[in-house]
Amino acid sequence: MKHLIVANWKMSPNDPKRARDIFDIVKGAVAKLRSVQIIIAPPSIFLQSLASKYKGNKISLCAQNISSSEDIANTGSLSAVQVANSGGRYVMIGHSEVGDTLDNLRVKTFLTVKHGMIPIIFIGESERDKLGKYLKNIKLQINTALKELQTKEVENVIFCYEPIWAIGQDDPMDSYDIHATVLYIRKVLIEVYGDKIGQNINILYGGSVNSNNIKDILSIDDVNGVVTGRVSTDTEEFVELLKIANRT
Ligand code: 13P
């Protein structure tokens, strides 16, 4: 299985020329790598131009967010169909920096699948309590996001476990805790959708991933890849991370 690496560019870089340069450097690097699959989520203003010039199959383009509405009376928003028609193949749903409600997870996941794209659904807690109440909330996030999908549509969905408190730190979450939580997520999926689907859904980890910790994270059983944030547009660091991921 290839490791999935989702590069969330967040609100960077500042200009289209730099966006193209970063994309071209990543494109050059992945051409030689056999064991990684890259999904790049640039700011939406760059998505169409990056997608239109790329003819390969190693990199896919992803939107960082879509509107929860299909009504045109949504000034400043971006619809699922616009992303699909501009070369987007994936959509990030519910990243904590977007501020989605639980119900938005459900609607945005539905719209993404409706327009033939794959949702990458972000789940995770803002803090951990000793009684494990956060697990209940993770379960609710999963079940709400998938509520409108047919069982066969669930097979392609990707989850990213990204605890909010682990974003923007020096170090990621402890590997043991990542493993325990990802196992829990898989158990919830298996409970509802059965072994075959539950075992095959890709579950990623996000939160302070870099070239120093990527090997440890990808070595955790049941983790199928990562979502990177800050390092995604630091080309030297990101290419190093890709090379290590490819060897892991
Ligand atoms: P950092 O890797 O910068 O912590 O960001 C994580 C993130 O938000 C990815 O979606």
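Values quoted throughout were computed directly from the atomic coordinates according to the rules given, and no laboratory measurement underlies them. Quick caveat: nothing in here was measured; it's all calculated off a predicted structure. Note that we place each Cβ from the backbone using ideal geometry, even for glycine, and neighbour counts take in every protein chain shown.
Listing for the model above:
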{"item": "GNM top mover of 169, 48, 64 - the chain, alpha-carbon springs below 10 Å", "result": "169"}
{"item": "Exposure proxy ranking, count of Cβ atoms within 10 Å, fewest first, for 165, 9", "result": "165, 9"}
{"item": "Residues 247, 186 arranged by fewest to most Cβ contacts within 10 Å", "result": "247, 186"}
{"item": "Cα lying deepest toward the dipole's positive end in the chain, options 132, 164, 209, charges on Cβ", "result": "209"}
{"item": "Counted charge near residue 125, where neighbours are those whose Cβ lies closer than 12 Å (Asp, Glu -1; Lys, Arg +1)", "result": "0"}
{"item": "Among 231, 81, 192: highest mean-square fluctuation, GNM of the chain, C-alpha pairs under 10 Å", "result": "192"}
{"item": "Relative exposure of 122, 238, judged by other C-beta atoms within 10 Å (fewest first)", "result": "238, 122"}
{"item": "Cα centre as origin, Lys/Arg/Asp/Glu Cβ charges: the chain dipole, Debye", "result": "820"}
{"item": "Cα centroid separation, the stretch 1-63 to the stretch 109-153 (Å)", "result": "25"}
{"item": "Cα gyration tensor shape of the stretch 13-134, rounded if a/c is under 1.5, else prolate or oblate by comparing a/b with b/c", "result": "oblate"}
{"item": "Residue-averaged 222 nm ellipticity for the chain, from DSSP H runs of 4+ at -39500 (n - 2.57), nearest 500", "result": "-13000 deg cm²/dmol"}
{"item": "Unsatisfied cross-links (Cα-Cα over 26 Å) in the set 108/139; 2/130; 27/187", "result": "2/130; 27/187"}
{"item": "Sequence-separation-based contact order of the stretch 4-69, relative, with Cα cut under 8 Å and 6+ spacing, percent", "result": "40"}
{"item": "Length added when fully stretched, residue 44-residue 140, from 0.36 nm per residue minus Cα-Cα", "result": "31.7 nm"}
